[in-house]
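Structure, as structure tokens:
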Amino acid sequence: MLDMYKTVRETGQQEIVIKKSRFIGHVKPVVTEQEAITFIEDIKKQHWNATHNCSAYMIGERDEIQKQSDDGEPSGTAGKPILEVIRHQGLKNVAIVVTRYFGGIMLGAGGLIRAYTDGAVAAIEAGGAITKVLHREVLVDVDYTWLGKIENELRNREIRTGPSRFTDRVIVLCLPIESEAESFIAWMTDITQGQSTITEGERVYFIEGE
């Protein structure tokens, strides 16, 4: 799993008009190719009467899956520019469709490339670019007498936390950044003077800054 990656927060769409042609950019975060294909098919059904529904998607930690479609536009003027926007912005696990309703004015190859580029950028703006950072669940099992100190130390270091579990002892769910998990465990062992039982849980992504 990547330590961090950029994607979009949510499904979104935004329309721009270029020389009377309507370009509607649609974006969706996806984790599988089938999700991307389904999203593109859904947009095509929704805009069945559009002149073109051009698309591209990029999926995988190393961008293993990259596909594009000009959907009837001149070769290289639609799908490729959309894919290049995804690549240029460093996004992963994203599918984009740019729908065109022809307005009667020819744009030429250069104009089409610019239009589909702008449509893809508009879609990403609508979906909201975010950075996801990999964290590690670390469960700290301690006596209640340590709870105040641990909470204070976590707050001072701005360590993300989850809900604690309370029984005869307390289990504090800490969520340090994955790359810092080993040093975090050593630090937590030190501040509890070795009187805590620490176990590692799953790796999970959280949006940076939230």
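Per-structure values
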read-out	value
Residue under evaluation Arg203, criteria (1) under 12 Å from Leu139 (Cα atoms); (2) not in a loop (DSSP other than H, G, I, E, B), criterion not met	(1)
Members of the stretch 14-46 found to be assigned to a helix (DSSP H, G or I) and among the β-branched types (Val, Ile, Thr), listed by number	Ile37, Thr38, Ile40, Ile43
Residue ID - least open to solvent (accessible area, probe 1.4 Å), chosen from residues in the stretch 169-192 that are part of a helix (DSSP H, G or I) and among the charged types (D, E, K, R)	Glu178
Failed condition for Ala50, given (1) among the hydrophobic types (A, V, I, L, M, F, W, C); (2) more than 25 Å from the chain's Cα centre (by Cα); (3) open to solvent by 30 Å² or more (accessible area, probe 1.4 Å)	(3)
Qualifying residue in the stretch 90-109 (condition: over 22 Å from Gly12 (Cβ atoms) and part of a helix (DSSP H, G or I))	yes
Contacts under 8 angstrom Cβ, first residue in the stretch 110-139 being under 24 Å from Lys80 (Cβ atoms) and in a helix (DSSP H, G or I), partner open to solvent by less than 40 Å² (accessible area, probe 1.4 Å) and of a type in the set (S, T, N, Q), 6 or more apart	Leu112/Thr77; Ile113/Thr77; Ala115/Ser21; Tyr116/Thr77
Qualifying residue in the stretch 148-155 (condition: on the phi > 0 side of the Ramachandran plot and either open to solvent by less than 50 Å² (accessible area, probe 1.4 Å) or among the hydrophobic types (A, V, I, L, M, F, W, C) (or both))	no
Single match in Val133, Val121, Val138 (criterion: touching a Cys at 6+ places or on another chain (Cβ under 7 Å) and either open to solvent by 10 Å² or more (accessible area, probe 1.4 Å) or farther than 19 Å from Glu73 by Cα (or both))	Val138
From Ile18, Ile37, Ile43, residue being in contact with a His (Cβ under 8 Å, 6 or more places away or on another chain) and either open to solvent by less than 70 Å² (accessible area, probe 1.4 Å) or modelled with pLDDT of 95 or more (or both)	Ile43
Which numbered condition Thr161 fails, given (1) free of Cβ contacts under 8 Å to residues at least 24 places away in the same chain; (2) of a type in the set (Ser, Thr, Tyr); (3) open to solvent by less than 40 Å² (accessible area, probe 1.4 Å)	(3)
Residues of the stretch 140-158 classified as within 30 Å of the chain's Cα centre (by Cα) and in contact (Cβ under 8 Å) with a residue 24 or more places away in the chain, total	1
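The values are calculated or read from the model by the stated rules, or taken from the named source; none is laboratory data. Small disclaimer: the values here were computed from a predicted structure and weren't measured. Note that we place each Cβ from the backbone using ideal geometry, even for glycine, and neighbour counts take in every protein chain shown. We work out accessible area using only protein heavy atoms, side chains counted, and drop any ligands, DNA or RNA first. Shrake-Rupley method; radii C 1.70, N 1.55, O 1.52, S 1.80 Å.
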